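The structure under discussion appears below in the form of structure tokens.
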Amino acid sequence: MSAQRTPEEEILTWCGVIAQLSRTRAKKIIADAELPYPLFILLRHFCHDPERKWTVSQLTEAFETGQSGMTKRVQKLIDLGYLATNTDEQDARIKWIHVTSRGRVMRDQLLNTLAPDQTAVFADWKRRDVEDLHRHLFKLKTYLDDNRDSIVT
């Protein structure tokens, strides 16, 4: 007999399951696109605040990943013209990375490709239920993001 899971455990487990299932759906939908899904996710990150500039170190921290892998992904997006860099005025070793207008166009195209499926997922939901879930997930995401280093054991 398996142990009863708490609602908190199930919420976090289900968030992982939902992330995996939605990622798999999105990968299938954009499989023939110029940009593979992992690069789309990085591009979408830049487009969230298109005026913001990032260093590879900041991206590595935000994505909680290794620097060499992030450098390779960023370079691919630069090579495609979706990101560009500027050298820091104070320290020439620092490169500031930002999204280009071409990158925003590609992100918009891919979002438009994904939109019908995303809309269909919530087609039977009441608007209020979508808004409530959105509000609660935002609260959870914000807490986890703000408390990355405050792990309770």
Roughly speaking, to the nearest percent, how much of the range 1-109's 1.4 Å accessible area is carbon and sulfur? 53
Projecting each Cα onto the charge dipole of the chain (Lys/Arg +1, Asp/Glu -1 at the beta carbon, about the Cα centre), which of Ser68, Gln4, Gly103 comes out farthest on the positive side? Gly103
Whole number in Å², please: accessible area per residue of the range 19-153, 1.4 Å probe, ligands, DNA and RNA not counted. 72
Taking a 1.4 Å probe, which of Lys53, Lys28 shows the most accessible area, and what order do the others take after it? Lys28, Lys53
Per DSSP H run of at least 4 residues, take -39500 (n - 2.57); add these up for the chain, divide by its residues and hand me the 222 nm value, nearest 500 deg cm²/dmol. -21000 deg cm²/dmol
Heads up, I need the accessible area for Asp108: 1.4 angstrom probe, whole protein in place, Å², nearest 10. 70
Classified through the alpha carbon gyration tensor (a ≥ b ≥ c as square roots of its eigenvalues; rounded if a/c is under 1.5, else prolate when a/b is larger than b/c, else oblate), the range 1-89 comes out prolate
Rounded to the nearest 10, the angle in degrees between the Cα long axis of helix 37-48 and the longest principal axis of the Cα atoms of the chain comes to 80
Rel. contact order, % - alpha carbon contacts under 8 angstrom, at least six apart, the range 47-153: 21
What is the helix-to-structure angle for 7-29, meaning the angle in degrees between its Cα long axis and the longest Cα principal axis of the chain, kept from 0 to 90 and rounded to the nearest 10? 50
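The values are calculated or read from the model by the stated rules, or taken from the named source; none is laboratory data. Being a predicted model, the structure only gives us computed values, none of them experimental. Ideal geometry is used to build each Cβ from the backbone, glycine not excepted, and the neighbour counts take in all protein chains shown. Areas reflect the complete protein model, heavy atoms only, side chains present, ligands, DNA and RNA absent. Shrake-Rupley method; radii C 1.70, N 1.55, O 1.52, S 1.80 Å.
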